[in-house]
Amino acid sequence: MTTLPALLETLNITKSFRPDNASVEAVKNISFTIAPGECLGLVGTSGCGKSTLAQILMGITEADSGTVLFDEQAIDFNDTDTRKNYYRNVQMVFQNPLVSFHPRKTIGTAIMLPLLNYGYTQPEATEKLAQLLTEVGLTQQHAAKFPHQLSGGECQRAAIARAISIEPKLLICDEITSALDMQIQAEIVQLLLNLQAETKMSLFFISHDIVLVQELCQRLLIMRSGAIIESGTAHEIITAPQQEYTKNLIGAALNLTINR
Ligand SMILES: Nc1ncnc2c1ncn2[C@@H]1O[C@H](COP(=O)(O)OP(=O)(O)OP(=O)(O)O)[C@@H](O)[C@H]1O
Ligand SMILES: [Mg+2]
């Protein structure tokens with residue numbers, strides 16, 4: 001059996017913050033890979049460093065040390081051409097959909113922006129916008145609305161449409177359903193499952209809810225205090241967690257599920 005080269009790989013990523021001279025090691029020496037078409041989950045409690053890691057993968061936060069590789073090439077986030085090419089392939093959806101949109105730009109304009117930036121003509125972008133709105137379960141009327149005129153769920157659908165518009169090979173989702181009620185959360189997970197099956201893009205899905213993550217991901221990384229403390233298939237981890245911390249994550253998520 002041949003193993004495909006990783007789509008994305010991180011090598012020894014480390015990041016500390018120094019608020020008030022008290023150092024917080026948010027990410028400690030993290031190495032992992034995501035294969036083409038794979039859905040990888042990252043699970044851990046609040047403050048364990050998940051968003052810091054995601055932001056390093058997007059070049060929003062600079063790591064103290066370590067390397068991000070895409071298609072086996074080390075990414076220099078300071079190089080404009082490299083960044084542009086990387087964002088063609090790697091996109092992210094954030095927790096709070098409302099703040100990820102410009103308040104005075106319509107949803108349609110926001111979704112078309114990456115298309116125009118990456119070489120679509122105006123007519124091509126307009127046609128693609130119509131197709132994307134349908135794909136994520138919005139109507140054509142949503143294009144003319146401003147972000148605050150959409151519900152949280154609609155806004156998150158629009159954010160997903162914008163992120164997948166240029167057909168990235170990897171979509172990073174950081175707690176994208178946390179601000180939504182359970183019904184809408186389930187709809188967004190189903191949407192991602194459908195999109196992933198259709199496009200075969202890779203997913204890096206981040207959440208504190210391990211039950212939710214295992215609905216989407218074949219493989220999980222468990223993060224605690226900046227480090228990956230356990231990894232394996234979702235089935236292995238859910239049925240035979242090795243660490244007490246992981247057992248607690250499962251217990252907390254099951255409690256949530258029972259109360260749903
Ligand atoms: N810009 C920053 N300046 C200082 N400290 C920060 C900064 N960003 C994050 N931290 C700290 O780094 C640690 C990890 O934060 P991070 O936001 O990555 O956690 P998280 O796992 O995403 O949490 P949550 O589940 O609540 O979103 C926390 O202790 C946080 O206070
Ligand atoms: Mg976070």
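No lab work stands behind these numbers, since they all come straight from the coordinates. Source: prediction; values computed, not measured. All Cβ positions, even for glycine, are placed from backbone atoms using ideal geometry, and neighbour counts span all protein chains on display.
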Among 61, 24, 47, the residue whose Cα sits farthest towards the positive end of the charge dipole of region 1-93 (+1 at Cβ of Lys and Arg, -1 at Cβ of Asp and Glu, taken about the Cα centre) is 47
At q = 0.09, 0.11 1/Å the base-10 log of I(q)/I(0) from the Debye formula over the alpha-carbon atoms of the chain is -0.41, -0.62
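Going through the cross-link list 15/128; 15/84; 145/169, which pairs have a Cα-Cα distance over 31 Å in this structure?
Values: 15/128 39 Å; 15/84 24 Å; 145/169 29 Å.
The answer is 15/128.
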Relative contact order in percent for the chain (Cα pairs under 8 Å, 6+ apart) equals 25
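Report the full-extension gain for the segment residue 218 to residue 67: residue separation times 0.36 nm, less the Cα-Cα distance, to one decimal in nm. Write out the running numbers ahead of the final one.
Values: separation 151, 0.36 × 151 = 54.36 nm, distance 2.45 nm.
Full extension from residue 218 to residue 67 adds 51.9 nm.
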Note to self: C-alpha centroids of region 183-248 and region 10-38 sit apart, in Å, by 19
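Can you pull out the GluC sites (Glu not before Pro) in region 32-94 whose DSSP state is coil and whose Cβ has at most 10 other Cβ atoms within 10 Å? Present the calculation step by step, with values, prior to reporting the outcome.
On the way: sites: 38, 62, 72; in loops: 38, 62, 72.
Sparse-neighbourhood loop GluC sites (Glu not before Pro): 62, 72.
What is the extension gain from residue 84 to residue 197, computed as 0.36 nm multiplied by their sequence separation minus the C-alpha to C-alpha distance, in nm to one decimal? Provide the component values of the computation, followed by the final result.
Working: separation 113, 0.36 × 113 = 40.68 nm, distance 2.60 nm.
Separation in residues times 0.36 nm, less the Cα-Cα distance, equals 38.1 nm.
Considering only the other residues whose Cβ falls under 14 Å of the Cβ of residue 244, what net charge follows from Lys and Arg at +1 and Asp and Glu at -1? Write out the running numbers ahead of the final one.
Numbers: positive: 224, 247; negative: 230.
It works out to a net charge of +1.
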Rounded to the nearest 10 degrees, the helix 107-117 long axis (Cα) sits at an angle to the longest Cα principal axis of the chain of 80
dims of region 19-142, Cα set, principal axes, largest to smallest, nearest Å -> 50, 31, 29
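Using the Cα centre as the reference, give the magnitude of the dipole from point charges on the C-beta atoms of region 87-150 (Lys, Arg: +1; Asp, Glu: -1; all else neutral), rounded to the nearest 20 debye. The partial results should precede the final answer.
On the way: 5 positive and 3 negative charges, 44 e Å.
Computed about the Cα centre, the dipole is about 220 debye.
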The alpha-carbon center of region 143-169 and that of region 84-141 are separated, in whole Å, by 7
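If we count every other residue with Cβ under 13 angstrom of residue 165's Cβ, Lys/Arg +1 and Asp/Glu -1, where does the sum land? Before the final figure, lay out the partial values.
On the way: positive: 88, 128, 157, 162; negative: 124, 127, 135, 167.
That sum, taken over residues with Cβ under 13 Å, equals 0.
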Cα extents of region 44-97 per principal axis, largest first, Å, are 34, 28, 18
Projected area averaged over all directions for the convex hull of the alpha carbon atoms of region 122-260, nm², comes out at 9.6
Hits in region 19-38: amide N under 17 Å from the 7 Å Cα→Cβ extension of residue 4, namely 33-38
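Give me the Kirkwood hydrodynamic radius of region 137-178 in Å, from all C-alpha pairs, to one decimal place? Present the calculation step by step, with values, prior to reporting the outcome.
On the way: mean 1/r = 0.0885 Å⁻¹.
Value: 11.3 Å, from the Cα pair sum.
Could you tell me the relative contact order of region 35-143? Use alpha-carbon pairs under 8 Å, at least six residues apart, and round to a whole percent.
Working: 49 pairs, mean separation 14.2, N = 109.
Value for region 35-143: 13 percent.
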For the chain, any Cys whose C-beta has no other cysteine C-beta under 4.7 angstrom counts as unpaired, and these are 48, 155, 173
